[in-house]
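Please read the structure below before turning to the comments.
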Ligand code: UDX
């Protein structure tokens, strides 16, 4: 099938490459000529495992093309709208300028029977207004909302093997609605044959499916981090506490990871946009808890700064190695990155911070040029007074305490992602602290233990 994908960022580039892999004839349209040139040559513009191979195969086969020319939209039967919907500068609401521009580019090129499929995360009601715009302009093209749930770092696998497909259709139950479903079923025939569940619903429910899921995930993470605050005050261990909960299948183990909190291009902005949209709908109170979720997430940073400060015995002049700048491993994305934000805050407090990351250094340098950067962990660690694990890349998870001990100035580590075995570090003579497992507030928890120093568990303890 001939398909267009409008917007070739994290979502669109992956979607276009996967659709070509599934055998469709795909053109990706983007306004950024540099991005289009890189993608058209079969390369990626960002780090995403498995994507480069798919892009190279797709462009070589001739089934995948990229262009800046909206005229290329004509002739495609299904048009996926995959543009970004960032947070507006003046409020929590989503900025829909790119969605509006995509619809404007499509309008003169839509044929009768074409299907416009929204994948971007949008405020509820957007699909209906897109449909209204098409009708006002005399187009009979149809609109479906088909939200995307892919995670960065796993985007190819999540697109090829999604947990579910959600179709929001207009006139559900009518012949037109059934035709929309049948056409989208053709696009995803391979996935459906493999048993991927499909939920057909109305437009608003499909739009809400994405923000509801992301809000739930953010809430789960903030719940775990709220328990971490309580554990720090009470002398408990938030990681062990989460483990006790995770054995209950009604709760589950995922997204209870205690640490620096959530970041990235989706969760933070999506919960704010959802709260702002709910306010506009007059149901702000229904999701008022999302403000609290956001605040708990922000406080993870405050607690981490405090913990690193106590580990360092004061941040001013301390040489701090920050391992990780990306918002999570397997990604070079630094948008709302808790790791990079932490590095900036520690530097603002007067520490001499050196940041390293296996993939995100270039992007981090653009966002935070005031920081010092090291090309690898050894360079960052050499001469450090405190080592802070901020993004849990595998290469940092598996660092050998003895090798680290050989290059640092002072043996002191802070794990803000709770992936290190602190006892191993302590056995190598390190003072080791972790968010949610070491008392942050003076006089609380482990700080009551005479053997601990500055909220840190004692070596060998
Ligand atoms: C998220 C959703 O998972 C995905 O379904 C949606 O389509 C887009 O938003 P993504 O932004 O790629 O995906 O990241 P995700 O893997 O969900 O992680 C988000 C943030 O939460 C990261 O900063 C991560 O480090 C953090 N996180 C995750 C935790 O702090 N604790 C956890 O237990 C899990």
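The values are calculated or read from the model by the stated rules, or taken from the named source; none is laboratory data. Note that the structure is predicted; figures quoted are calculated from it, not measured. Quick reminder, even Gly has a Cβ in these numbers, built from the backbone with ideal geometry, and neighbours come from all protein chains shown.
For this structure, a couple of remarks:
- Some residue of segment 267-284 being farther than 13 Å from residue 222 by Cα, touching a residue at least 40 places away in the same chain (Cβ under 8 Å) and assigned to a loop (DSSP other than H, G, I, E, B): yes
- Scan segment 155-182 for residues that are more than 16 Å from the ligand (Cβ to nearest atom), crowded, with 19+ Cβ neighbours inside 10 Å and assigned to a helix (DSSP H, G or I) and the total you get is 1.
Here is a yes/no grid of residues against (1) under 20 Å from the mean Cα position of the chain (by Cα); (2) in the same structural domain as residue 121 (by TED's automatic domain parsing); (3) modelled with pLDDT under 95:
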residue: 16; (1), (2), (3): yes, yes, no
residue: 22; (1), (2), (3): no, yes, no
residue: 61; (1), (2), (3): no, yes, no
residue: 70; (1), (2), (3): no, yes, no
residue: 78; (1), (2), (3): no, yes, no
residue: 82; (1), (2), (3): yes, yes, no
residue: 89; (1), (2), (3): yes, yes, yes
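- Selection count where residues are over 17 Å from residue 124 (Cα atoms), over 15 Å from the mean Cα position of the chain (by Cα) and more than 7 Å from the ligand (Cβ to nearest atom), scope segment 238-280: 17
- Enumeration of residues in segment 126-154 that are out of contact with any helix residue (DSSP H, G or I) (no Cβ under 7 Å at 6 or more places or on another chain), under 26 Å from residue 273 (Cβ atoms) and either in a loop (DSSP other than H, G, I, E, B) or within 12 Å of the ligand (Cβ to nearest atom) (or both): 153, 154
- Odd one out for residue 197 among (1) surrounded by fewer than 21 Cβ atoms within 10 Å (Cβ to Cβ); (2) within 21 Å of residue 88 (Cα to Cα); (3) in contact with a strand residue (DSSP E or B) (Cβ under 8 Å, 6 or more places away or on another chain): (2)
- Unmet criterion (only one of (1) within 16 Å of the ligand (Cβ to nearest atom); (2) outside the structural domain of residue 17 (by TED's automatic domain parsing); (3) surrounded by fewer than 22 Cβ atoms within 10 Å (Cβ to Cβ)) for residue 204: (1)
- Restricting attention to segment 75-106, the residues that are part of a loop (DSSP other than H, G, I, E, B) and touching a strand residue (DSSP E or B) at 6+ places or on another chain (Cβ under 9 Å) add up to 10.
- The one condition from (1) in contact with a helix residue (DSSP H, G or I) (Cβ under 6 Å, 6 or more places away or on another chain); (2) outside any helix (DSSP H, G or I) that residue 249 does not meet is (1).
- Test: residue in segment 103-112 that is within 27 Å of the chain's Cα centre (by Cα) and within 17 Å of residue 25 (Cα to Cα): no
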